[in-house]
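*Asks:* Quick one: structure below, then a few questions.
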Amino acid sequence: MLGATYEIRVAGLVPRALIQGLGDVSVSEHEMRTVLTVSCADLAGLNAFVDRVRELNYELIEVRTIESIHDEHQDPSSGED
């Protein structure tokens, strides 16, 4: 995988001041959970981001891929999934 955009859901509301230290990340809040959206070049980058969130002592609820560079460039007529 060349890179992807991920949603990382954590329990609780993360203060904006802490989020600024996480780098280029979009934030939304839903029912006492914070959703962090971040693009990572590879799994090592994702793991480093998740480690930083854990270092802040936030409970990780879910990590999911919402978009990958491979998905964006895939030819729909190729029959590949």
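*Asks:* Looking only at residues that are within 14 Å of Ala11 (Cβ to Cβ) and not acidic (Asp, Glu) in the range 51-64, which one is surrounded by the fewest Cβ atoms within 10 Å (Cβ to Cβ)?
*Replies:* Here the answer is Asn57.
*Asks:* Now, a different point. Would you check if there is a residue in the range 68-78 being among the acidic types (Asp, Glu), modelled with pLDDT under 90 and surrounded by 12 or more Cβ atoms within 10 Å (Cβ to Cβ)?
*Replies:* yes
*Asks:* Going through the range 12-42 one residue at a time, which ones are over 17 Å from Glu62 (Cβ atoms) and not in a loop (DSSP other than H, G, I, E, B)?
*Replies:* Arg16, Ala17, Leu18, Ile19, Gln20, Ser39
*Asks:* Of the residues Arg9, Arg16, Arg33, which single one is more than 12 Å from the chain's Cα centre (by Cα) and either in contact (Cβ under 8 Å) with a residue 60 or more places away in the chain or closer than 17 Å to Ile66 by Cβ (or both)?
*Replies:* The conditions single out Arg33.
The values are calculated or read from the model by the stated rules, or taken from the named source; none is laboratory data. On a predicted model such as this, the values are computed, not experimentally measured, just so you know. Every residue, glycine as well, gets a Cβ built from its backbone with ideal geometry; the counts of neighbours run over all protein chains shown.
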